[in-house]
Amino acid sequence: MSIITLLTDFGTRDWFAGAMKGVIWSINPRVRIADITHEIESGQVSSAAFVLQCGYGCFPAGTIHVAVVDPGVGSERSAILVQTARYYFIGPDNGILSLALRHETIRQIRRFENTQLFRKPVSRTFHGRDIFAPVAARLSRGLALDRVGPRQEDYRQLSCVAPVKKKGVIEGTTIHIDGFGNVITNLPADMAQSSRAAFIRVAGCRRSIPVRSFYQAVPAGSPLALAGSHGYLEIAVNGGSAARDLGIRANTQVKLHLR
Amino acid sequence: MSIITLLTDFGTRDWFAGAMKGVIWSINPRVRIADITHEIESGQVSSAAFVLQCGYGCFPAGTIHVAVVDPGVGSERSAILVQTARYYFIGPDNGILSLALRHETIRQIRRFENTQLFRKPVSRTFHGRDIFAPVAARLSRGLALDRVGPRQEDYRQLSCVAPVKKKGVIEGTTIHIDGFGNVITNLPADMAQSSRAAFIRVAGCRRSIPVRSFYQAVPAGSPLALAGSHGYLEIAVNGGSAARDLGIRANTQVKLHLR
Amino acid sequence: MSIITLLTDFGTRDWFAGAMKGVIWSINPRVRIADITHEIESGQVSSAAFVLQCGYGCFPAGTIHVAVVDPGVGSERSAILVQTARYYFIGPDNGILSLALRHETIRQIRRFENTQLFRKPVSRTFHGRDIFAPVAARLSRGLALDRVGPRQEDYRQLSCVAPVKKKGVIEGTTIHIDGFGNVITNLPADMAQSSRAAFIRVAGCRRSIPVRSFYQAVPAGSPLALAGSHGYLEIAVNGGSAARDLGIRANTQVKLHLR
């Protein structure tokens with residue numbers, strides 16, 4: 001009765017997510033499959049890492065989380081399986097797992113090397129179907145971890161992940177646009193709760209956006225930055241969509257100005 | 001082998017629906033979960049009520065229907081569980097269940113008060129994950145209904161639901177835009193089938209839309225109003241999208257003019 | 001432990017796909033259901049046929065594939081069940097199954113005639129719920145094929161499916177826009193790999209699009225035609241969306257010019 005979750009940027013218009021489910025159920029017809037989302041913006045690893053971090057922890061212990069946003073597919077980037085105290089995580093080693101893993105106690109990390117576990121032939125572009133789905137399905141049937149490949153010591157962090165502090169300013173980046181149009185940044189929420197936080201500016205956007213505690217602290221239709229329940233500073237518009245109304249996208253530089 | 005259905009306005013880009021599934025399967029790993037939709041327009045309770053009414057009855061007896069479009073989340077609105085002769089319904093008591101319940105024989109209504117059943121801590125904004133999902137999952141495992149909370153006598157109706165008749169005109173409102181762009185109103189379909197029905201007008205739209213019996217009764221690209229199979233009068237464009245072509249949205253006033 | 005897959009143009013905003021699942025689980029609560037997609041462009045049978053062809057083969061033997069894009073619903077078009085060496089296929093007999101069936105060994109074809117298997121009453125517009133879902137569910141419980149209806153000899157092909165060769169030019173059509181905006185045509189991929197292939201032109205689009213072997217063979221932002229992994233010639237933009245950047249839609253004429 002184990003569970004596999006799927007999180008990708010494959011969209012839902014094509015056969016990609018369905019093909020992964022077919023491969024999984026061909027190997028283990030009893031496993032349950034839950035889509036977290038297939039609508040990560042194409043290639044946005046940081047956005048996928050953020051969504052995984054927010055969603056993975058609701059699943060029961062033993063769940064296998066598969067996250068595939070993989071702009072380096074076909075190149076030399078490696079793929080990993082990470083066993084933590086509660087879960088398994090599978091994905092390319094490009095930072096996609098890193099935000100979730102910060103909250104977990106890591107037991108071991110294995111690099112995919114045993115090609116016997118893969119679907120044949122392995123395509124150059126669809127490792128979700130050919131590599132990640134079959135390894136996850138075999139794991140759900142009790143595959144020994146040392147069959148996957150050799151241990152490795154560490155996993156890659158997101159390149160964007162550490163905000164940089166310069167005098168009077170903290171520089172960061174936007175990492176995810178949620179379905180309401182709220183823009184989540186990589187700045188820790190406690191920065192927004194500091195009394196020194198004054199306003200935030202977004203590259204390519206002229207407005208200074210004030211830091212406030214809740215939506216209604218600004219007039220309807222006005223932007224604000226506030227601490228999100230996910231632990232990051234978020235840019236929103238009271239009653240609107242910050243992404244649309246301000247034209248902000250993922251992977252854009254932001255600067256938090258201090259008093 | 002029970003089933004839980006989910007109907008929300010959470011969208012499918014984020015982790016929200018996935019988180020609900022994780023919570024449900026953490027409590028009852030054997031229950032089946034069916035998404036009805038997560039793409040109700042944000043906060044449109046009447047639209048959710050309409051979609052639930054159209055879809056719930058295809059599921060087998062014993063199914064637990066969870067509907068969460070909840071603009072009042074965090075306020076004093078109550079949450080309810082309704083047992084009918086065939087099903088269970090769970091949601092905020094804001095009218096979202098009311099159109100479906102009209103067709104059902106109600107056995108009892110319970111107001112959520114037993115916080116022991118909830119996921120801790122309960123957030124202010126995500127009761128789908130923290131309250132509705134865990135109560136539904138416990139119910140699927142046989143929770144006694146009196147554990148949920150005290151009985152209440154009635155449930156809230158949609159405020160928009162009763163059309164108003166004035167001399168020569170019946171006033172109503174649009175309640176749902178379907179995926180084809182058809183605009184469903186709260187006017188009963190038999191009004192459209194009356195020989196007295198002449199045309200309909202939509203607030204903010206200059207055209208008079210004639211009442212007809214079928215799409216091809218007007219030229220391709222032209223609008224009409226007709227009786228929908230769901231029991232309501234619907235505005236459509238022959239071969240087009242009424243929502244897009246006429247710019248009609250949910251929650252807009254309509255007036256049916258009689259001869 | 002059998003599996004039913006669903007592929008439709010019903011969208012995911014309404015109750016349509018959920019209703020099919022409810023009907024299926026009412027008849028067989030143990031069967032697994034996988035959505036391939038519900039976002040085929042409305043009425044585009046060739047697009048559905050292409051997506052089915054790409055996705056069906058990942059599922060285990062015995063899977064029942066249900067494909068419903070059915071612009072002729074309510075007319076005299078017939079519905080069929082096709083048993084092949086590995087799978088069952090169910091859908092309207094309008095070509096939607098034809099691309100997948102080319103790869104399969106057909107055992108028998110049955111035309112739906114036994115109305116006792118249907119949900120009552122059968123609506124004029126929602127055969128996915130009333131006819132296709134219940135027959136698929138009964139099949140998953142072991143329904144004898146001769147109960148469905150009489151054998152028929154053949155199934156309909158897509159009308160667009162055969163490219164036409166004229167002097168120096170091969171005429172075909174676009175059949176699917178994938179989620180990345182790549183435009184798949186009905187021209188076999190080996191035509192693109194021939195040294196004689198020079199360029200392709202799309203009706204309503206002035207540019208000559210060169211045939212190349214891989215994306216990076218043209219500058220970023222430029223269009224090309226190349227052999228897709230699905231076996232067809234595909235039109236793409238390096239780093240962009242051919243559908244959006246060039247304004248190409250499904251069911252548009254293309255001409256491959258030879259040297």
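The values are calculated or read from the model by the stated rules, or taken from the named source; none is laboratory data. Computed from a predicted model, the values in this text were never measured in an experiment. Cβ atoms come from the backbone with ideal geometry, glycine included; neighbour counts cover every protein chain shown. The accessibility values were calculated without ligands, DNA or RNA, using every heavy atom of the protein model including side chains. Shrake-Rupley method; radii C 1.70, N 1.55, O 1.52, S 1.80 Å.
Taking A:Gly43, is it under 29 Å from C:Glu41 (Cα atoms), assigned to a loop (DSSP other than H, G, I, E, B) and in contact with an Asp or Glu (Cβ under 9 Å, 6 or more places away or on another chain)? Yes; evaluated as a whole, the condition is true for this residue.
Residue count for region A:52-67 satisfying the condition of being open to solvent by 20 Å² or more (accessible area, probe 1.4 Å) and free of Cβ contacts under 8 Å to residues at least 60 places away in the same chain: 3. Per the listing C:Phe126, C:Phe118, the residue uniquely without any contact (Cβ under 8 Å) to a residue 24 or more places away in the chain and over 13 Å from C:Ile80 (Cα atoms) is C:Phe118. Can you pull out the residues in region A:131-140 that are within 14 Å of chain C (Cβ to nearest Cβ) and over 14 Å from A:Ala79 (Cβ atoms)? Once the filter is applied, which keeps residues that are within 14 Å of chain C (Cβ to nearest Cβ) and over 14 Å from A:Ala79 (Cβ atoms), region A:131-140 yields only A:Ala137.
Of all residues in region A:96-130, those being more than 14 Å from chain C (Cβ to nearest Cβ) and within 17 Å of A:Ala67 (Cβ to Cβ) number 14. Scanning region C:237-259 for residues that are small (Gly, Ala, Ser) and within 13 Å of C:Arg207 (Cβ to Cβ) yields C:Ala242, C:Gly247.
When the residues of region B:192-205 are filtered to those that are of a type in the set (S, T, N, Q) and closer than 27 Å to B:Ala49 by Cβ, the one that is least open to solvent (accessible area, probe 1.4 Å) is B:Ser194. Each residue in region B:52-64 was checked for being at the interface with chain C (Cβ under 7 Å from one of its Cβ atoms) and aromatic (Phe, Trp, Tyr), and 1 pass.
Residues in region A:1-19 that are surrounded by fewer than 24 Cβ atoms within 10 Å (Cβ to Cβ), closer than 18 Å to A:Ser140 by Cα and at the interface with chain C (Cβ under 7 Å from one of its Cβ atoms): there are none.
Residue by residue, here is whether (1) more than 24 Å from B:Asp245 (Cβ to Cβ); (2) acidic (Asp, Glu); (3) open to solvent by 80 Å² or more (accessible area, probe 1.4 Å); (4) touching a helix residue (DSSP H, G or I) at 6+ places or on another chain (Cβ under 7 Å) holds:
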{"position": "B:Ala144", "(1), (2), (3), (4)": "yes, no, no, no"}
{"position": "B:Lys165", "(1), (2), (3), (4)": "yes, no, yes, no"}
{"position": "B:Gly179", "(1), (2), (3), (4)": "no, no, no, no"}
{"position": "B:Asp190", "(1), (2), (3), (4)": "yes, yes, yes, no"}
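With respect to the stated conditions, B:Gly22 is closer than 28 Å to A:Ala250 by Cα, within 12 Å of chain A (Cβ to nearest Cβ), open to solvent by less than 10 Å² (accessible area, probe 1.4 Å) and small (Gly, Ala, Ser).
Can you find, within region B:25-46, the residue that is nearest to the other protein chains (Cβ to nearest Cβ) among those that are in contact (Cβ under 8 Å) with a residue 60 or more places away in the chain, closer than 22 Å to C:Trp15 by Cβ and β-branched (Val, Ile, Thr)? The extreme case among them is B:Val31. Restricting A:Ser213, A:Ser208 to residues that are under 25 Å from B:Arg124 (Cβ atoms) and either open to solvent by 10 Å² or more (accessible area, probe 1.4 Å) or at pLDDT below 95 (or both) narrows the list to A:Ser213.
Out of (1) more than 17 Å from C:Val45 (Cα to Cα); (2) within 14 Å of chain A (Cβ to nearest Cβ); (3) not acidic (Asp, Glu), what's the single condition that is false for C:Ile175? If we test C:Ile175 against (1) more than 17 Å from C:Val45 (Cα to Cα); (2) within 14 Å of chain A (Cβ to nearest Cβ); (3) not acidic (Asp, Glu), just (1) comes out false. Of the residues making up region A:138-185, those that are of a type in the set (Lys, Arg) and under 30 Å from A:Ile248 (Cβ atoms) are A:Arg156, A:Lys165, A:Lys166, A:Lys167. Does A:Arg30 count as in contact with a strand residue (DSSP E or B) (Cβ under 6 Å, 6 or more places away or on another chain) and surrounded by fewer than 21 Cβ atoms within 10 Å (Cβ to Cβ)? For A:Arg30, the condition - in contact with a strand residue (DSSP E or B) (Cβ under 6 Å, 6 or more places away or on another chain) and surrounded by fewer than 21 Cβ atoms within 10 Å (Cβ to Cβ) - is not met.
Counted as qualifying within region C:153-259 are the strands (runs of 3 or more DSSP E) with 3 or more residues that are in contact (Cβ under 8 Å) with a residue 40 or more places away in the chain, namely C:169-177, C:183-188, C:197-202, C:232-237, C:253-258. Report whether or not C:Ala49 is in contact with a Ser or Thr (Cβ under 9 Å, 6 or more places away or on another chain), more than 7 Å from every other protein chain (Cβ to nearest Cβ), assigned to a helix (DSSP H, G or I) and buried (at least 24 other Cβ atoms within 10 Å of the Cβ). The answer is yes for C:Ala49. Remark: pairs (first residue in region C:1-12, in contact (Cβ under 8 Å) with a residue 12 or more places away in the chain and assigned to a strand (DSSP E or B); second residue among the basic types (Lys, Arg) and surrounded by 24 or more Cβ atoms within 10 Å (Cβ to Cβ); Cβ separation under 7 Å; 6+ apart in sequence or on different chains) are absent. Of all residues in region A:216-251, exactly one satisfies the criterion of being touching a Cys at 6+ places or on another chain (Cβ under 8 Å) and open to solvent by 60 Å² or more (accessible area, probe 1.4 Å), namely A:Asn251.
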